[in-house]
Amino acid sequence: MSVTSPPLAVTAYTATSAVGAGLCAHLQALDQQRSGLRPNDFNTTPLACWIGRVDGVESRPLPDDYAQWDCRNNRLAWLGLNQDGFLGQVHAARQRYGATRIALLLGTSTASIGATEEGYRRLADNRLPDDLHRSAIHNPHSLTGFIAEALDLHGPCLTISTACSSSAKVFAGAERLIRLGIVDAAVVGGVDSLCDSVLFGFNALELVSSEPCRPFDAARRGISIGEAAGFALLERADANPEATLHLLGCGESSDAHHMSTPDPSGAGAELALHDLFGRAGIDASHVDYINLHGTASQKNDAMEAALVARLFPPHTRVSSTKGLTGHTLGAAGIVEAAITLLALREGFVPGNAGVNTPDPACTPHFAWRNESRPIRIALSHSFGFGGSNACLAFARTTAGDNA
Amino acid sequence: MTALRVQIEGIGLWTPQATDFDALRRVLGGDVPLESVTRPTASALSINERRRAPESVLVAMEVALQAVNMSRRSADSLACVFASAYGDQATTDYMCRVLAKTPTELSPTRFHNSVHNASAGYWTIATDCHAPSSAICAGPASFGAGLLEAAVQACAQQCPVLLVCSDTAGVGPLGELIGCQLAFGAALVLSPAADGRMPQLNLALVEETSRHALLPATCTAWMRDNPSAACLPLMAMLANNGGECVVAASAQRGLLVKMEVSA
């Protein structure tokens, strides 16, 4: 049964990725189309590829109070949490609503498995070494457990781990909790960090490019893996009449096709879009911009270019921004939601970075360069392993006009 | 808060000493289980996939199919939530061992089996399910958080939802640290409460995190050895057709589950 969901106010958001920490760094990188990708200097065993690495994560241990949570993934989370005044916004919301009335839903695919990998490199008598013998960090809820403590939130607390759709699906979960009145607000987001599992794992699947990724290029050769942290605060629109950025709705579906490749027909992705349109009360003709999943894998980009050509009118502009950030996997949903919100706020269409020769399958919908134009409704696509699809719709409204 | 009211349409359960809900009823009735099965049937999967799939996926598939069969729902349109506290620890142990020594020899199949949503992926592919699927965790509170998520989906979307919660035994240095020593899975098909003869549950978030009636020693041992067995107080209520319990839904909050006795 299709249920329409009322819009929610996005009252704070932030992103940290290879292009920099916080929204200003992202806006600058988008404006200049400056990529954060660099040759792989991360792995202990060499792997010839490019990565989107966040500078300085290693040198910032967590505050002593959170010592049991200390690991690279949670350091990246903490760095991300401390940008754009986000902590202060959450503290104010906690004052307003109470700690039990704010949900926390975070997406991650890696969680802190990098710490488990490190433990296995330094085994002592077939046991994790003492400094890493901490159960808090060797499980997939490590990120959310840490952030719940750091933000002192006592509401529903959930990790969603559906590979590359993880931190898009958190918006859908939060929307349902707020709509049912179980909470008044939700902190959503996601963090994924570089680690051997994803670099050598995607390499084993022959999905990693030896050069910087080129989404939708005719000669694209695969993905560049990146890391990122991002968060957003969602509240009821009617309680925040001054808010101008809104989540209009979320759509979800399953491909039921293959564990590690998308259904080439795009049927699953299309179902997620129709689910989204129903909930948001819009149709394809209302969409001004789509931040595509656009990983630079052969199969995703072919499927997604055909999807755009099939469903959207010529005035809908589309692009992938993974040429700037890399594919941040479980954090891609939140980073690209933040980029979509920036595009709405600033009134521009981000160019599809990294392309030399566009794939001939790409229709004129594609914005190869930045375009300055007001946009009112924008989507963000996230498609993950196991055929997990999530699409989000955001809108910019004038104060007092709730979409 | 709006009361969350759901009904239970189907139940699945598998652990080596109790391979379905009827076997659990016998354990709850005081029987001491003797037989021990090593592998679930997982007949939702094709023979090929059954061979390729790790134990974690087989346990999840087994309980999911039991619950869906009992509900008489069609799996291909059923939204699903797969919860697991630790995911596939045996695969994580394999990955970390290989990555520590010969990372370029990592198996691509074992890598894609390592994602937390592997069971959700196998299930939706096997049943041709295009409805939304999710994979979640919340540490030791994964069952309660999964129950909340599934109930919220059912009530917010007005649709039936399959909830699966499963964990398998850990191995190696990771297994030593975590201490999960048993394979255990449970599944429920739940839908918005309606007048009828199905068990009705009222759910509410509360300050306490755990409270339940006394369970047989076999069940408390399972709860000690596997976080997904945190569902057993609720399973006992379903077997006894009444009662209430609190299951942990996070480090801070529990889910008070009250069962309305059917007429």
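The values are calculated or read from the model by the stated rules, or taken from the named source; none is laboratory data. Since this is a predicted model, take the numbers as computed values, not measurements. Reconstructed Cβ throughout: ideal geometry from the backbone, glycine too, with neighbour counts over all protein chains shown. Ligands, DNA and RNA are stripped out before the accessible areas are found, and what is left, the full protein with its side chains, is counted by its heavy atoms. Shrake-Rupley method; radii C 1.70, N 1.55, O 1.52, S 1.80 Å.
Counting GluC sites (Glu not before Pro) as exposed when in a DSSP loop with at most 16 other beta carbons within 10 Å, what is the longest stretch of chain B free of them? In short, B:36-206. A 1.4 Å probe run over the protein chains yields, for the stretch A:247-403, 29 Å² of accessible area per residue, whole-number rounding.
Divide the volume of the convex hull around the Cα atoms of chain B by the residue count and you get 126 Å³ per residue.
How large is the Kirkwood hydrodynamic radius of the stretch A:46-103, in angstrom, based on all distinct alpha carbon pairs? Evaluated on the stretch A:46-103, it is 13.8 Å. Over all pairs of different C-alpha atoms, the stretch A:167-225 has a mean inverse distance whose reciprocal, the Kirkwood radius, equals 14.4 Å. Per residue of A:126-138, other chain Cβ atoms within 10 Å of the residue Cβ number 3 on average. Antiparallel beta bridges, as assigned by DSSP with both residues in the protein assembly as shown, represent about 70 percent of the total such bridges. Entry note: the stretch A:117-177 has Rg to Rh equal to 1.11, where both radii use alpha-carbon atoms and Rh is the Kirkwood radius. Based on alpha-carbon atoms, the Kirkwood radius and the radius of gyration of the stretch A:250-402 give Rg/Rh equal to 0.93. Hey, got the average number of other protein chain Cβ atoms within 10 angstrom for residues in A:194-204? Per-residue shielding by partner chains comes out at 6.
Compared with the rule-of-thumb size 2.2 N^0.38 Å for a compact globular protein, the stretch A:70-210 has a Cα radius of gyration ratio of 1.16. Remark on the stretch A:154-281: Rg and Dmax equal 17.6, 50 Å (Cα only). Calculation over all alpha carbon pairs of the stretch A:1-134 in 10 angstrom steps from 0 returns a P(r) of 9, 28, 33, 20, 9, 1 percent. Mean projected area of the convex hull spanned by the Cα atoms of the stretch B:128-263, taken over all viewing directions: 9.5 nm². Expressed as a fraction of 2.2 N^0.38 Å, the C-alpha radius of gyration for chain A is 0.92. Scattering from the stretch A:218-304 was approximated by placing one identical point on each alpha carbon and applying the Debye formula without solvent; log10 I(q)/I(0) at 0.13, 0.14, 0.19 1/Å stands at -0.62, -0.71, -1.10. Please return the longest range in chain A lying between exposed loop sites, taking GluC sites (Glu not before Pro), DSSP loop only, at most 15 other beta-carbon atoms within 10 Å, and leaving the sites out. Here the longest segment lacking exposed loop sites spans A:243-403.
Residue ranges A:187-200, B:181-194, A:357-370 sort as A:187-200, B:181-194, A:357-370 when ordered by packing (mean number of other C-beta atoms within 10 Å per residue, highest first). Set the Cα radius of gyration of the stretch B:18-125 against 2.2 N^0.38 Å, with N its number of residues, and you get 1.25. For the stretch B:3-74, the alpha-carbon coordinates run over 40, 34, 20 Å along the three principal axes, in decreasing order. Placing one equal scatterer on every Cα of the stretch A:78-131 and applying the Debye formula, the log10 ratio I(q)/I(0) at q = 0.27 Å⁻¹ is -1.05. Over the stretch A:204-248, all Cα pairs binned in 10 Å intervals from 0 give whole-percent P(r) values of 21, 26, 16, 24, 14, listed from short to long.
The accessible area of B:His116, taken with all protein chains in place and a 1.4 Å probe, comes to roughly 30 Å².
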